[in-house]
Amino acid sequence: MSTYRVVERFVSINGEAARAGELAVFIRFAGCNLGCGYCDTKWANESDVSYEELSEDDIIDYVRRTEVKNVTLTGGEPLIQPDIDKLLLAFALEEDLRVEIETNGSVDIAEFKALGGNVSFTVDYKSPSSGMEDKMCLANYNYIDKGDSVKFVVGSQEDLEKCLEIINEYALDERTRVYISPVYGSIDPADIVDFMIESDMNDVKLQLQLHKFIWDPEERGV
């Protein structure tokens, strides 16, 4: 049986995306293939970060004990974990759970979407201020559907303009759920609203990261 490097597991509310405000059990994996300038979980990507090695059964048993139906697999980057497909297949047997994968947008999701089951994807588009925009796998927009989400984290006017460009180029507002989220402390959310009005951005949602308003923005395990 495979094992996975898990740096955190906890129950909280979803801070963003389609189930924001709902209870969720979080499984955070170690390691990421990107280095975004505004990353708020850099500690999870350090080479010497402490972690538990948990099997598929360990993870699912933990989720079951929480009695929470929403499961968020996050990181780091979940889709670069060895044998993550086996964990997704194991979750597919748990039909009453709703599994969301938060992925940074650099990993091709085609093979994971093909697994089917009860898994949805929240795919980031890394805006210019992240320093990682050139790593985006734009082919992912061929596979996402109405059950998935695309999230733009923006910290500047340039980021907003790029967000609009990508939404229009790939008709994301027709294909899937689209969210714009500000880099905490870098841009006034009111400026995002103004831009949305000026740009006629229908079927796009502004979303603030709830956990950063409820708890200290640096707090872990929330």
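Table for the structure above
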read-out	value
Residue under evaluation GLY31, criteria (1) in contact with a Gly (Cβ under 7 Å, 6 or more places away or on another chain); (2) within 24 Å of GLN207 (Cβ to Cβ), criterion not met	(2)
Selection status of GLY37, open to solvent by 20 Å² or more (accessible area, probe 1.4 Å), closer than 25 Å to GLY131 by Cβ and in a loop (DSSP other than H, G, I, E, B)	yes
Residue selected from the stretch 151-160 under the condition without any contact (Cβ under 8 Å) to a residue 40 or more places away in the chain and open to solvent by less than 20 Å² (accessible area, probe 1.4 Å), by the criterion farthest from ASP188 (Cα to Cα)	PHE152
Number of positions in the stretch 47-74 that are more than 17 Å from ALA92 (Cα to Cα) and hydrophobic (A, V, I, L, M, F, W, C)	2
Residues of the stretch 13-33 satisfying the condition of being surrounded by fewer than 18 Cβ atoms within 10 Å (Cβ to Cβ) and assigned to a strand (DSSP E or B)	ILE13, LEU23
Scope the stretch 111-145; condition open to solvent by less than 40 Å² (accessible area, probe 1.4 Å), part of a loop (DSSP other than H, G, I, E, B) and over 16 Å from GLU161 (Cα atoms); matching residues	GLY116, ASN118, MET132, MET136, CYS137, ILE144
Condition met for LEU160 (more than 14 Å from GLY37 (Cα to Cα), of a type in the set (A, V, I, L, M) and either part of a helix (DSSP H, G or I) or under 16 Å from the mean Cα position of the chain (by Cα) (or both))	yes
Inter-residue pairs, beta-carbon under 9 Å, first without any contact (Cβ under 8 Å) to a residue 24 or more places away in the chain and over 25 Å from CYS39 (Cα atoms) and in the stretch 68-93, second of a type outside the set (A, V, I, L, M, F, W, C) and part of a loop (DSSP other than H, G, I, E, B), 6+ apart	LEU93/GLY117
Lone unmet requirement of (1) touching a strand residue (DSSP E or B) at 6+ places or on another chain (Cβ under 9 Å); (2) of a type outside the set (Asp, Glu); (3) modelled with pLDDT under 95 for PHE152	(3)
Conditions (1) part of a loop (DSSP other than H, G, I, E, B); (2) open to solvent by less than 100 Å² (accessible area, probe 1.4 Å); (3) at pLDDT 95 or above; number of the one not met by PRO217	(3)
Exclusive hit being in contact with a helix residue (DSSP H, G or I) (Cβ under 8 Å, 6 or more places away or on another chain), over 29 Å from LEU206 (Cα atoms) and either modelled with pLDDT of 95 or more or in a helix (DSSP H, G or I) (or both), set LEU54, LEU79	LEU54
Which listed residue, of ILE192, ILE187, is in a loop (DSSP other than H, G, I, E, B) and either in contact with a Pro (Cβ under 7 Å, 6 or more places away or on another chain) or modelled with pLDDT under 95 (or both)	ILE187
Qualifying positions in the stretch 162-192 - of a type outside the set (Lys, Arg), over 19 Å from LEU208 (Cβ atoms), open to solvent by 10 Å² or more (accessible area, probe 1.4 Å) and touching a residue at least 12 places away in the same chain (Cβ under 8 Å)	LEU164, TYR170, ASP173, GLU174
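The values are calculated or read from the model by the stated rules, or taken from the named source; none is laboratory data. Everything quoted here is computed from the prediction, not taken from an experiment. Because the Cβ atoms are built from the backbone with ideal geometry, glycine has one as well, and the counts that use them run over all protein chains shown. The accessibility values were calculated without ligands, DNA or RNA, using every heavy atom of the protein model including side chains. Shrake-Rupley method; radii C 1.70, N 1.55, O 1.52, S 1.80 Å.
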